[in-house]
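J.: Before we start, here is the structure in question, set down as structure tokens.
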Amino acid sequence: MACLALLLVLIASSQADLVNAQTPDAARIATPSPRSVLGFTPGDDRTIADWKQITDYFAGLDKASDRVSVQTIGQSTLRRPLIAVLISARENLLALDHLKEIQQKLADPRNVPTAAERDQLIRDGKVVVAISCSIHSTEIVASQMSMQLAFELATAEDSETREILQNTILILIPSPNPDGIDIIANWYRRTLGTPFEGKEPPELYHHYAGHDDNRDWFILNLKETQAITRLFWKEWFPQIVYDIHQAGPNGARLFVPPFTDPANPNISPLLLRHVGLIGLRMAADLQAAGIKGVITNSTYDTWWHGGFRTAPYFHNSIGILSEAASAKLMTPTTVTSEQLARSTSRGMRNALEAATNFPKPWPGGKWQPREIMEMELIAARSVLGMAAKYRAEYLRDFYELGQQNASTTALPEEPIAYLIPAGQGRDEAVAKLVGVLIDQGIEVHRLDRELHVAYGPQVLQRTNSATDKLGSYRRIIAQAFHFHEVPLSSYIVFLAQPQRRNILTLLEPQIYPNRTNMQGEAEPPYDVAGWTLSLQLGVDVPAVVALQEAPADRRMTIVRDVNEVRKDLALPLQTADSSPIVNPLRQGSRVGIYRSWTSNMDEGWTRFIFDSFNVPYNSLYDAALRQEDLSAKYDAIILPSQRARDIIGGNLAGTYPEEFTGGISTAGVTRLKQFVEDGGTLICFDAACELPIKQFNLPLRNSLEGLPSSEFYCPGSVLSLDVDSTQALARGMAHNVDAYFINSSAFEAMHPRVRVIARYAKTNLLRSGWLLGEDKLRGQIALAEAPMGKGRIVLFAFRPQHRGQTWGTLPFIWNALRLRSN
């Protein structure tokens with residue numbers, strides 16, 4: 001059956017060309033197949049379509065088919081067009097405005113006054129399904145597959161396709177990362193036929209984020225994320241979001257849901273059931289087609305918020321993920337049984353051993369891009385088929401989830417709102433937070449007159465750890481309410497709205513379950529354990545448990561966009577083309593940021609922060625550090641988080657063309673040391689601190705180095721720092737600051753000349769996330785300054801700019817750049 005399915009995909013284009021020639025319908029005659037436009041069939045070995053070819057194909061399909069409408073929804077970071085392809089029956093596309101209005105009403109049941117109107121909306125509505133391809137552009141096959149999927153839906157006349165077109169609206173995103181598609185296409189073509197064919201490029205495949213472009217969906221830093229979030233949660237409100245990915249080559253051939261544990265407690269149980277049902281339908285259809293190596297209930301969990309398929313859970317929508325085993329970009333690879341036997345993951349003992357969730361392993365052999373595409377086509381049709389067959393159920397459940405959220409009455413120990421008080425002195429961070437909430441479709445009010453509120457424990461008992469949150473609420477409620485006056489121009493976010501679960505997941509502390517194996521070793525979460533936005537941004541956002549004023553006595557206005565907030569705060573207004581943030585340094589500082597050829601995401605996020613805050617810099621590549629007089633050009637050099645061996649050694653000779661190998665070498669280490677001794681400031685983030693500590697013999701050591709996860713583990717969590725605010729590096733900082741720790745470092749000093757700026761807190765260290773072995777971290781150095789010669793080295797044990805999210809610790813960076821030599 002697998003051979004038959006593959007054959008059908010291979011001949012689909014040529015068959016359709018023949019049908020077009022024989023069909024009198026003029027629209028059908030002109031419908032172009034991908035092969036007729038590209039000169040090859042998507043998925044063919046050693047072929048790749050770049051972004052212009054992809055967008056040109058969809059433009060032609062739009063002109064030829066009354067089932068297809070292409071919309072430009074924004075621009076990428078590097079100004080390529082970002083498109084969404086809407087595919088549905090002709091009559092649905094002609095009624096898009098009306099169907100969009102139905103979606104918006106279903107998404108906010110407060111605007112549906114009667115059961116009769118609700119029922120009419122459900123009768124008339126269509127299930128909106130979003131399918132996104134190749135956000136990670138090295139996972140290239142789905143972007144190519146998108147053209148074939150669209151063509152088949154535009155031309156097929158079978159009853160299943162007609163049901164899909166009649167009952168659903170597909171929003172097909174060929175890639176949320178157009179820049180990355182071209183980076184990969186250009187690199188692949190450059191290396192085709194060379195020893196480097198199929199290698200990933202030696203640069204980030206998103207200008208700033210690389211792989212982290214799928215870690216941005218609650219902070220909305222990137223232009224691409226902003227545009228798609230607006231499309232999804234301001235306009236179309238898809239009931240189902242399917243995100244297509246690839247994984248490494250040696251595991252299962254394809255993962256589909258259900259997911260593994262843990263699940264985020266703010267996800268509706270009903271959504272988890274729907275995810276499981278769709279995933280098992282996908283698995284069954286793939287099995288029926290003879291596909292081997294399909295696994296469920298493995299590797300991927302539903303704890304974290306910030307991914308393309310995880311964010312929808314908190315918008316009352318179903319998020320689906322598939323992960324196919326990769327080829328070498330568009331070049332076939334060979335996977336041996338020995339490699340499969342060594343491949344293990346959560347939910348899979350090895351890739352050759354059958355199990356209930358993995359009933360038919362793949363035995364190994366040649367693995368081609370076309371096989372990946374075949375699985376993705378079947379999986380996409382499964383999702384669309386489920387949406388079409390159960391149209392009314394999906395629409396009704398989507399409506400009911402929003403209604404439940406909007407009408408939920410808080411228990412005595414629960415907050416009813418979150419407050420963002422005026423006058424915090426962190427105006428840009430406040431504008432960022434309020435803007436992020438609004439852009440996700442969360443309703444935020446500005447107070448037009450004073451209000452009196454009773455706070456939850458985040459204000460009254462700030463020192464409580466995350467694990468004591470519930471007990472704190474109960475202790476407070478047991479006492480009489482004490483109301484505090486809140487000044488006008490503050491912002492308040494009420495939980496009684498359809499986005500209730502999203503608000504909670506963004507603003508309350510995360511308490512990750514303690515998951516260890518039989519040996520006591522930590523079981524890693526899929527991404528991070530904690531992310532509370534207010535803590536990362538350094539903005540006070542207390543929970544409110546009661547309001548003194550009755551609703552009729554409250555004066556407040558719904559805030560519509562971020563520029564309203566920026567106007568309130570007397571900040572420059574946001575424009576489409578540039579960041580409005582004023583350079584915090586206000587004076588020239590010659591800054592170099594080290595940029596490795598090993599594709600370091602932390603470096604990309606460092607550039608993003610500097611560009612966002614309009615701080616000038618130059619990128620320093622390996623050759624410059626090996627050869628240039630650094631003191632003549634720079635006052636400060638930043639080493640983003642990266643292991644010393646990768647900075648010094650870089651890519652090994654022979655693994656890439658020569659210009660991309662070798663690192664900074666020992667010559668670069670010598671020049672960095674001379675730069676500091678001559679009066680320069682070297683700023684090191686997290687893992688990069690290893691280089692000066694070991695190469696310059698600084699009197700510091702990483703006290704966590706070598707500890708097994710059974711003794712210490714902290715995977716992406718918010719921790720509290722005790723700060724010596726009398727130090728120049730801590731100018732303007734509070735005594736307690738929240739910082740982000742992601743398998744980071746902690747220092748011990750062996751000489752009094754090391755100046756300690758901040759330590760990990762001795763009490764109530766964990767603010768959000770998961771921390772094993774707290775005793776190994778309490779009181780250890782988190783930020784230090786070490787003099788050397790005429791200059792100094794600033795050592796961050798954590799990442800103060802992590803993923804562009806941690807605005808609360810950015811002032812440490814600006815202060816470090818203000819330092820001048822002795």
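J.: Which one of the conditions (1) assigned to a loop (DSSP other than H, G, I, E, B); (2) closer than 20 Å to S322 by Cα does P202 fail to meet, given that it meets all the rest?
T.: (2)
J.: What residue, among those in region 235-286 that are part of a helix (DSSP H, G or I) and within 21 Å of the chain's Cα centre (by Cα), is surrounded by the fewest Cβ atoms within 10 Å (Cβ to Cβ)?
T.: Taking the candidates together, the pick is E235.
J.: Out of the residues in region 323-333 that are in contact with an Asp or Glu (Cβ under 7 Å, 6 or more places away or on another chain) and among the small types (G, A, S), state the one that is surrounded by the most Cβ atoms within 10 Å (Cβ to Cβ).
T.: Checking each candidate, the answer is A324.
J.: Please enumerate the residues belonging to region 287-318 that are within 23 Å of R396 (Cβ to Cβ) and assigned to a loop (DSSP other than H, G, I, E, B).
T.: R309, N316, S317
J.: Checking Y656 against (1) surrounded by 17 or more Cβ atoms within 10 Å (Cβ to Cβ); (2) of a type in the set (S, T, Y); (3) closer than 18 Å to G592 by Cβ; (4) within 29 Å of the chain's Cα centre (by Cα), only one condition comes out false. Which one?
T.: The failed condition is (3).
J.: Shifting gears a bit: What's the number of the only condition in (1) open to solvent by 10 Å² or more (accessible area, probe 1.4 Å); (2) among the polar types (S, T, N, Q); (3) touching a residue at least 24 places away in the same chain (Cβ under 8 Å) that S132 fails to meet?
T.: Of everything listed in (1) open to solvent by 10 Å² or more (accessible area, probe 1.4 Å); (2) among the polar types (S, T, N, Q); (3) touching a residue at least 24 places away in the same chain (Cβ under 8 Å), S132 misses just condition (1).
J.: Kindly establish whether I183 is buried (at least 19 other Cβ atoms within 10 Å of the Cβ), in a strand (DSSP E or B) and either over 26 Å from the mean Cα position of the chain (by Cα) or among the hydrophobic types (A, V, I, L, M, F, W, C) (or both).
T.: For I183, the condition - buried (at least 19 other Cβ atoms within 10 Å of the Cβ), in a strand (DSSP E or B) and either over 26 Å from the mean Cα position of the chain (by Cα) or among the hydrophobic types (A, V, I, L, M, F, W, C) (or both) - is not met.
J.: Considering each of Q53, Q71, Q22, Q103 in turn, give the residue that is at pLDDT below 95 and not acidic (D, E).
T.: Q22
J.: A further question follows. Of all residues in region 634-659, which are touching a Gly at 6+ places or on another chain (Cβ under 8 Å) and more than 15 Å from L817 (Cα to Cα)?
T.: D646, I647, I648, G649, G650, N651, A653
J.: Follow-up. Which residues, counting only those in region 82-99, are surrounded by 15 or more Cβ atoms within 10 Å (Cβ to Cβ) and either of a type outside the set (V, I, T) or within 23 Å of Q499 (Cα to Cα) (or both)?
T.: Scanning region 82-99 gives L82, A84, L86, S88, A89, N92, L93, A95, L96, L99.
J.: Open to solvent by less than 60 Å² (accessible area, probe 1.4 Å) and part of a helix (DSSP H, G or I): is that true of D119 in this structure?
T.: Here the answer is yes, as D119 does meet what is asked.
J.: Mind listing whichever residues of region 334-362 are open to solvent by 20 Å² or more (accessible area, probe 1.4 Å) and assigned to a strand (DSSP E or B)?
T.: Once the filter is applied, which keeps residues that are open to solvent by 20 Å² or more (accessible area, probe 1.4 Å) and assigned to a strand (DSSP E or B), region 334-362 yields T334, S345, A355.
J.: I would also like to ask the following. Among the residues of region 746-768, count how many are open to solvent by 10 Å² or more (accessible area, probe 1.4 Å), under 33 Å from the mean Cα position of the chain (by Cα) and at negative phi.
T.: 5
J.: Scan T155, T114, T161 and give me the residue that is open to solvent by less than 20 Å² (accessible area, probe 1.4 Å), more than 33 Å from the chain's Cα centre (by Cα), more than 19 Å from G307 (Cβ to Cβ) and not hydrophobic (A, V, I, L, M, F, W, C).
T.: Matching residue, one of T155, T114, T161: T155.
J.: E224 fails exactly one of the following numbered conditions: (1) open to solvent by 10 Å² or more (accessible area, probe 1.4 Å); (2) not in a loop (DSSP other than H, G, I, E, B). What is the number of that condition?
T.: Result: E224 passes all but (1).
J.: Oh, and also: Looking only at region 740-759, decide whether some residue is of a type in the set (K, R) and in a strand (DSSP E or B).
T.: Scanning region 740-759 turns up at least one residue that is of a type in the set (K, R) and in a strand (DSSP E or B).
J.: Six or more apart or on different chains, Cβ under 9 Å: which pairs go from a residue in region 77-88 that's over 22 Å from G604 (Cα atoms) to one that's charged (D, E, K, R) and surrounded by fewer than 21 Cβ atoms within 10 Å (Cβ to Cβ)? Could you list them?
T.: V85/D62
J.: Might you let me know whether region 771-778 holds any residue that is in contact with an Asp or Glu (Cβ under 6 Å, 6 or more places away or on another chain), within 30 Å of P524 (Cβ to Cβ) and surrounded by fewer than 21 Cβ atoms within 10 Å (Cβ to Cβ)?
T.: Yes, because at least one residue in region 771-778 is in contact with an Asp or Glu (Cβ under 6 Å, 6 or more places away or on another chain), within 30 Å of P524 (Cβ to Cβ) and surrounded by fewer than 21 Cβ atoms within 10 Å (Cβ to Cβ).
J.: Tell me which residues, restricted to region 432-483, are modelled with pLDDT of 50 or more and under 23 Å from S717 (Cβ atoms).
T.: K432, L433, V436, L437, Q440, G456, P457, Q458
J.: Scan region 271-282 for residues that are touching a helix residue (DSSP H, G or I) at 6+ places or on another chain (Cβ under 6 Å) and over 26 Å from L352 (Cα atoms) and report the count.
T.: 1
J.: Could you tell me whether P195 is open to solvent by 10 Å² or more (accessible area, probe 1.4 Å), outside any helix (DSSP H, G or I) and closer than 30 Å to A406 by Cβ?
T.: Answer is no for this residue.
J.: So, one more: With a cut-off of at least 2 residues that are hydrophobic (A, V, I, L, M, F, W, C), more than 22 Å from the chain's Cα centre (by Cα) and farther than 25 Å from G210 by Cα, name the helices (runs of 4 or more DSSP H) lying wholly within region 576-641.
T.: The helices (runs of 4 or more DSSP H) meeting that bar are 630-633.
J.: Within region 287-312, can you find the residues that are touching a strand residue (DSSP E or B) at 6+ places or on another chain (Cβ under 6 Å), more than 30 Å from Q404 (Cα to Cα) and open to solvent by less than 30 Å² (accessible area, probe 1.4 Å)?
T.: Passing the criteria: V294, I295, S298.
The values are calculated or read from the model by the stated rules, or taken from the named source; none is laboratory data. Given the structure is predicted, the values throughout are model-derived calculations rather than measurements. In this analysis, Cβ positions are derived from the backbone assuming ideal geometry, glycine residues included, and neighbour counts consider all displayed protein chains. Accessible surface areas use protein heavy atoms only, side chains included; no ligands, DNA or RNA. Shrake-Rupley method; radii C 1.70, N 1.55, O 1.52, S 1.80 Å.
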